[in-house]
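> Take a look at this one; I'll ask things after.
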Amino acid sequence: MNAFTPTELPDVQASPDRRGQPIQRVGVRGVTHPVTLLTEQGPCPTVAEVEMYVALPAEQKGTHMSRFVALLQDVRHPLDTVGVSALMSDMLTLLEADGGYLSIAAPVFLTKQAPVSGIPSLMDYRMALRAEHVSGRTTVTLSITAPVTSLCPCSKTISRYGAHNQRSHITIAATLADGVRMLPDDLIRIAENAASCELWGLLKRADEKFVTERAYENPKFVEDLVRDVAARLADDPRVRRYEVSSENFESIHNHSAYAWMDGAGAAA
């Protein structure tokens, strides 16, 4: 067995590779780590699933895997779209790379007041911050998934009374203009405003009446949901490109209704 002092240990990753094949993404994934995400209500502590990759040139054998986790552990401030761009810059510097990708996906918890009683409760939403650096430019994408209610316009029209409704998941991914700060609350509002009705964690009877009647008065097909969201994103000066989808978990079928579309925002 070879015996080395800490200062004599060979750096195998930095040794040359002769196969002439660059790697576009190499790093770590499946990292579960506590982070704090920034919302309009303030910092939100949560636990994230993290991916961190850099581009590896053809002449280098490997990257330094431990540096990714060390960098993540050094993050002390709440992350937002501006912060994740700065984290990308730090990662490229630390790993001596000219390209990279990182993703931080986690639930965020927002306090909402019920529509009639005003009773507060927490709602959870899925959020992801993603940054990619290619050809000297970093692009940042903010995504959310918001649970909402949708009520079928066809069912309302053809039924003598009532109409079937379902819980839906609206997912928005907005790729932003350079240096733009956008918080998850912005996209959550867009999703909830497009729905037949938004959801709350805790409702009293008066609130239930409001939600039921609001949804009945505001029927939406799955197609309506994505088009209404897309219309808002297309006019947003912070958005370069967007993707929006909705999955409606049908209450009268054993399958979901689904729609997806993408397009350019006003910053394109």
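> Per 0.36 nm of contour for each residue apart, how much would the distance between L94 and A14 grow if the chain were fully extended, relative to their Cα-Cα spacing?
Result for the pair: 27.4 nm of gain on full extension.
> Can you give the charge dipole size of the chain about its Cα centre, rounded to the nearest 20 debye, using +1 on the beta carbon of Lys and Arg and -1 on the beta carbon of Asp and Glu?
About 440 debye.
> Could you tell me the calculated FRET efficiency between L122 and V82, based on Cβ-Cβ distance and R0 = 25 angstrom, to the nearest 0.05?
Computed FRET efficiency for L122 and V82: 0.45.
> Also, I was wondering about something else. Rank G62, G136, G30 by mean-square fluctuation in a GNM of the chain with C-alpha springs under 10 angstrom and give only the top-ranked residue.
Result for the chain, Cα springs under 10 Å: G136 fluctuates most.
> Let me ask something else about it. Around D236, what is the net charge, scoring Lys/Arg as +1 and Asp/Glu as -1 over all other residues with Cβ under 12 Å from its Cβ?
Taking every other residue near D236 into account, the sum is +3.
> Still on this structure: So for the pair D185, L199, with labels modelled 7 Å out along Cα→Cβ, what separation do we get in nm?
My value for the distance between the label points is 2.1 nm.
> Which ³J(HN,Hα) values, rounded to whole Hz and listed in residue order, are derived for region 22-35 from phi using the Karplus coefficients 6.51, -1.76 and 1.60 in 6.51 cos²θ - 1.76 cosθ + 1.60 with θ = phi - 60°, glycine and proline given as x?
For region 22-35, the Karplus-derived couplings read x, 10, 6, 9, 9, x, 10, 9, x, 7, 9, 8, x, 9 Hz, x marking Gly and Pro.
> Report the local net charge at V108: Lys and Arg +1, Asp and Glu -1, summed over other residues whose C-beta lies under 12 Å from its C-beta.
Working: positive: R126; negative: E40, D80, D124, D185.
Combined, the nearby Lys, Arg, Asp and Glu give -3.
> Would you work out the relative contact order for region 46-117, in percent, from Cα pairs under 8 angstrom that are 6 or more residues apart?
57
> Pairs of alpha-carbon atoms within less than 8 angstrom and 6+ residues apart define the contacts here; what relative contact order does the chain have, in percent?
Averaging sequence separation for qualifying contacts and normalising by length gives 15 percent for the chain.
> Report D for region 22-264 in µm² per second (integer): Stokes-Einstein, Kirkwood Rh on Cα pairs, 10 °C, 1.306 mPa s. Each step should come with its number before you reach the end.
Details: Rh = 19.5 Å.
The estimated diffusion coefficient comes to 81 µm²/s.
> With θ set to phi - 60°, apply the Karplus curve 6.51 cos²θ - 1.76 cosθ + 1.60 along region 163-172 and write out the HN-Hα couplings as whole Hz, x wherever there is a Gly or Pro.
Using θ = phi - 60°, the values come out as 6, 7, 10, 7, 7, 10, 10, 9, 10, 10 Hz.
> What does the net charge come to around R25 if you take all other residues with beta carbon closer than 12 Å to its beta carbon, with K and R at +1 and D and E at -1? Please list the in-between numbers first.
Values: positive: R29; negative: E51, E132.
Taking every Cβ under 12 Å from that of R25, the sum is -1.
> Through the Karplus equation 6.51 cos²θ - 1.76 cosθ + 1.60, θ set to phi - 60°, convert the phi angles of region 73-84 into ³J(HN,Hα) values in whole Hz; use x for Gly and Pro.
Ordered by residue, 3J(HN,Hα) equals 5, 8, 6, 10, 9, x, 8, 9, 5, 6, x, 6 Hz.
> Region 194-230: which trypsin sites (Lys or Arg not before Pro) are DSSP loop and have at most 15 other beta-carbon atoms within 10 angstrom?
Answer by residue number: K204.
> Could you compute the FRET efficiency for R214 and S256, with r as their C-beta to C-beta distance and R0 at 25 Å, rounded to 0.05?
On the way: r = 23 Å, r/R0 = 0.91.
Calculated value: 0.65.
> So for region 22-264, if I pair up every lysine 8 or more residues apart or on another chain, how many of those pairs have alpha-carbons under 21 Å apart?
On the way: K112/K204; K112/K209; K156/K209; K156/K220; K209/K220.
Step by step, the pairs that qualify in region 22-264 add up to 5.
Values in this text are rule-based calculations from the coordinates and carry no lab data. A quick note: this is a predicted structure, and the numbers were derived from the prediction, not measured. Glycine also receives a Cβ, built like all others from the backbone with ideal geometry; neighbour counts cover every protein chain displayed.
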